[in-house]
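Student: I'd like to ask some things about the structure below.
The values are calculated or read from the model by the stated rules, or taken from the named source; none is laboratory data. None of these values were measured; they are calculated from a predicted model. Counting neighbours? That spans all protein chains shown, and the Cβs are built from the backbone with ideal geometry, glycine included.
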Amino acid sequence: MIVFDLKCAGDHVFEAWFASTRAYDEQRERRLVACPLCGDTQVAKAVMAPNVAPKGNAVARPERIKALLSELAAAQGKALEGSRWVGRRFADEARAMHVGEAEHATIHGQATPEEARALIDEGVPVAPLLLPVAPPETLN
């Protein structure tokens, strides 16, 4: 596996893992690599810092990373309190509220990158979630 820092046309930098450089090139040519923030498929490798091994006395802190991710998940969970899951109907529901065809409410759900771009282009106020949310129907 190889990790690349990638940058979209909107100047968002993100990290992605690939089986090889060739796998990255093939997926990029097929427009399968998209920015997780805006969905743009016009991505290129960004300048990366070299992966320098830590000093012998330095200790990796996976527990700190886990704690930070846990804090982020808790903050996102708090932000979603009172929000209604609409699943794949997200784009339709958000658009209906925006044009006054439905009562305003706080919702969250799933949208394709194309649907999200269309909502933004139409001026519908939407924002991506920082961590994936498991659809309620998949939870035990």
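Student: I'd like the residue in region 61-76 that is surrounded by 10 or more Cβ atoms within 10 Å (Cβ to Cβ) and among the basic types (Lys, Arg) and, out of all such residues, is modelled with the lowest pLDDT.
Tutor: Going through the qualifying residues, I end up with 61.
Student: Follow-up question, since we're still on this one. Scan region 66-99 for residues that are under 23 Å from residue 117 (Cβ atoms), without any contact (Cβ under 8 Å) to a residue 40 or more places away in the chain and within 17 Å of the chain's Cα centre (by Cα) and report the count.
Tutor: Matching residues across region 66-99 total 4.
Student: State whether one or more residues within region 21-34 are closer than 19 Å to residue 127 by Cα and modelled with pLDDT of 85 or more.
Tutor: Checked region 21-34: at least one residue is closer than 19 Å to residue 127 by Cα and modelled with pLDDT of 85 or more.
Student: Same structure again: Does residue 5 fit the bill of being modelled with pLDDT under 90, in a strand (DSSP E or B) and of a type in the set (Asp, Glu)?
Tutor: yes
Student: Same structure, new question: Among the residues of region 112-131, is any surrounded by 13 or more Cβ atoms within 10 Å (Cβ to Cβ) and touching a strand residue (DSSP E or B) at 6+ places or on another chain (Cβ under 7 Å)?
Tutor: No, because not a single residue in region 112-131 is surrounded by 13 or more Cβ atoms within 10 Å (Cβ to Cβ) and touching a strand residue (DSSP E or B) at 6+ places or on another chain (Cβ under 7 Å).
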